Amino acid sequence: MSAPPPRVALVHDWLTGMRGGERVLEQHARMFPEADLYTLVHVPGSTAPAIESLRIHASPLSRLPGAARHYRKLLPLFPWAISRFRLEGYDLVLSSSHAVAKGIRANPGAVHVCYCFTPMRYVWDQADAYLGRGLKRALATPLAAALRHWDRTTSGPERVQQFIAISQTTSDRIRRHYDREAPVIFPPVDVSRIAPGRGPDAFFLMVGGFVPYKREDVAIEAFRQLGLPLVVAGDGPGRAALEATAPANVRFLGRVSDEALADLYARCRALVYPQEEDFGIIPVEAQAAGRPVIAFGRGGATETVVDVDDPGERAPTGIHFTPQTPEGLARAVRRYEADPHAFDPAAIRRHAETFSNERFREQMGDALEAALAGRSAG
């Protein structure tokens, strides 16, 4: 007789919309449709059907008035909330974490594998972007120190048996902050839903999240200098302030559907990507449409976008720029404008296909099978 399937618990920081992390969770849910799902805050109906169909257990924070909109302000309570869960009877705990999900305590005998987007960016590598440098940073210093201590103490092998990183950038951070090794499995990108266009329109595209580290301000100022058309899709806390001072050649669409975004990818001249990300699904989606990416040359984009000066002489899929300033980005846009035919849409599309959902599920399945086998052998 074959062994019964493992009983699985999925853990995710919060369920308030379909962003990159939730695209990963959607694939985990497809791999384990009978799993239980634990999260800090759940807004019913805000994620994909494959996620919403799971048995979802939300923390007490989810019941607080206004939690659906203001959950980030509850950061000091996140460690307490994740510790409130009592997991029992699971063989595998699979967390997808950029905040505190990996701090959940698995039941004895279970294997906890963390698919890590990044160590908590608020208190590690992007603390300046979130907390600033003045009075706000000074007031937040005790909280940041406490969160760093909690983050380290919940990252040892007695709590998380295996880390898997979404990129080499994240793997390096895990080694630096947690002193743990983490193999890399790139996140899934649904390239099948995005079709290449027949030819670009006049505009450049940026997809914004409008939180500090996304650096939409860099792109807006660069295009103020360039005078070229920039279309900005997406929404977030900082959008209104940037839109109020943007030049006339920068047009804001707000939040758009997946279908409308795929159409924008297919029609843009190139995607503009001014931020440093842990991985970054948006550049891969744009490449699935055969469009090049003009990306800041640090972080995940260096692993997903093949620079025009690639030393391995691979077919280029974009241009990396530094420094992270309007002038640096403007130079890269001018370089693209000087030779847009340096980029082959078919080659860009083939590169994007190496990040498919199917590839992700296969690699994750192999890694989880090996982790469970290691537990049995132990």
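Read-outs throughout are calculated quantities, based only on the coordinates presented, and are distinct from any laboratory measurement. Quick caveat, the model's predicted, so the values are computed rather than measured. Every residue, glycine among them, receives a Cβ derived from its backbone with ideal geometry; neighbour counts consider all protein chains shown.
Summary table
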{"read-out": "Assigned charges on the beta-carbon of Lys, Arg, Asp, Glu; region 191-355 dipole about Cα centre (debye)", "value": "340"}
{"read-out": "Paired Rg and Dmax values of the chain, which use every Cα atom, in angstrom", "value": "21.0, 69"}
{"read-out": "For the chain, built as a Gaussian network whose Cα springs stay under 10 Å, the top-fluctuating residue of VAL93, VAL191, VAL43", "value": "VAL43"}
{"read-out": "Positive-end residue of LEU77, VAL305, VAL43, charge dipole of the chain with Cβ unit charges", "value": "LEU77"}
{"read-out": "Top positive-direction residue, dipole computed over region 294-378 with Cβ charges, set ASN357, ALA315, PRO326", "value": "PRO326"}
{"read-out": "Trypsin sites (Lys or Arg not before Pro) within region 191-231, DSSP loop, no more than 11 other Cβ atoms inside 10 Å", "value": "ARG198"}
{"read-out": "Region 50-194 - Kirkwood radius from inverse mean 1/r over Cα pairs (Å)", "value": "16.7"}
{"read-out": "With at most 15 neighbouring Cβ atoms within 10 Å, loop GluC sites (Glu not before Pro) (DSSP) excluded, longest segment of the chain", "value": "182-312"}
{"read-out": "Positive-end residue, the chain charge dipole about Cα centroid, Cβ charges, pick of PHE279, LEU64, HIS341", "value": "LEU64"}
{"read-out": "Within a Gaussian network of the chain (alpha carbon springs, distance under 10 Å), most fluctuating of GLN287, GLN225, GLN162", "value": "GLN225"}
{"read-out": "Base-10 log of normalised Debye intensity for region 265-342 (one unit scatterer per alpha-carbon) at q = 0.17, 0.25 Å⁻¹", "value": "-0.57, -1.28"}
{"read-out": "Semi-axis lengths (Å, descending) of the ellipsoid that matches the C-alpha gyration tensor of region 191-355", "value": "22, 17, 15"}
{"read-out": "Only Lys, Arg (+1) and Asp, Glu (-1) charged, at Cβ; region 188-236 dipole about Cα centre in debye", "value": "120"}
{"read-out": "Shape box of region 1-89 [Cα atoms, principal axes, largest first, Å]", "value": "50, 26, 17"}
{"read-out": "Between region 5-30 and region 252-328, the Cα center-to-center distance that results, in Å", "value": "25"}
{"read-out": "Candidates HIS28, HIS57, HIS12: whichever shows maximal mean-square fluctuation once the chain is modelled as a Gaussian network with Cα springs under 10 Å", "value": "HIS57"}
{"read-out": "Alpha-carbon Rg/Rh ratio, for region 187-230, with Rh computed the Kirkwood way", "value": "1.07"}
{"read-out": "Theoretical gain in end-to-end length, ALA195 to ASP235 [0.36 nm per residue, Cα-Cα removed]", "value": "12.0 nm"}
{"read-out": "If the convex hull is drawn through the Cα atoms of region 312-361, its volume per residue in Å³", "value": "115"}
{"read-out": "Point-charge dipole on Cβ atoms (K/R +1, D/E -1) for the chain, about Cα centre, debye to 20", "value": "1160"}
{"read-out": "PHE252 long-range amide H proximity, modeled H, under 5 Å", "value": "VAL232"}
